[in-house]
1. Report the gain in length on full extension from ARG12 to ARG74: 0.36 nm times residue separation, minus Cα-Cα distance, nm rounded to one decimal.
2. In debye to the nearest 20, how big a dipole does the chain give about its Cα centre with +1 on each Lys and Arg Cβ and -1 on each Asp and Glu Cβ?
3. Which of ASN14, ASN71, ASN30 moves the most in a Gaussian network model of the chain with Cα springs under 10 Å?
4. Among all helices in the chain defined by DSSP H, which have a length of 24 Å or more along the axis from Cα atoms plus a Kyte-Doolittle mean of at least -1.0?
5. Using the Cα centre of segment 5-87 as origin and beta-carbon charges of +1 (Lys, Arg) and -1 (Asp, Glu), tell me which of GLN27, PRO5, ALA46 is placed farthest towards the positive end of the dipole.
6. When semi-axes √(5λ) of the Cα gyration tensor in Å is calculated directly from the model, which label among (1) 48, 19, 11; (2) 24, 13, 11; (3) 36, 11, 8 fits?
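Values in this text are rule-based calculations from the coordinates and carry no lab data. Worth saying up front: this structure is predicted, and the values here are computed from it rather than measured. Counting neighbours? That spans all protein chains shown, and the Cβs are built from the backbone with ideal geometry, glycine included.
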Amino acid sequence: MANHPSALKRARQNETRRVRNRMIKTQVKNVVKTVRQAVETHATDAATTTLDTAKSMITKAAKKGVIHKKNASRKISRLAKLANRSKA
């Protein structure tokens, strides 16, 4: 365990960020799962609306540094491709 005041503060900050990042990652996973389920059930309207929210959440997670920018881009691209395939 840390002994110096600065190291103790750093440990507190890391714990706060870890909890916040975990929450955001879980939300991203859930919204991705919702999009995939909407595509599987052939609900095109629901898929497009959930895709928009998923794009927004994934972009915000990348902005905050929770996930990498290219990881976010890849997720969005794959979801969009999946949703577009279901429309056709």
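1. The ARG12-ARG74 span can extend by a further 19.1 nm.
2. That gives a dipole near 480 debye.
3. Of ASN14, ASN71, ASN30, the Gaussian network model singles out ASN14 as fluctuating most.
4. Qualifying helices, which must be both long enough and hydrophobic enough, are 44-63.
5. Result: PRO5, furthest along the dipole toward the positive end.
6. So the structure-derived entry is (3).
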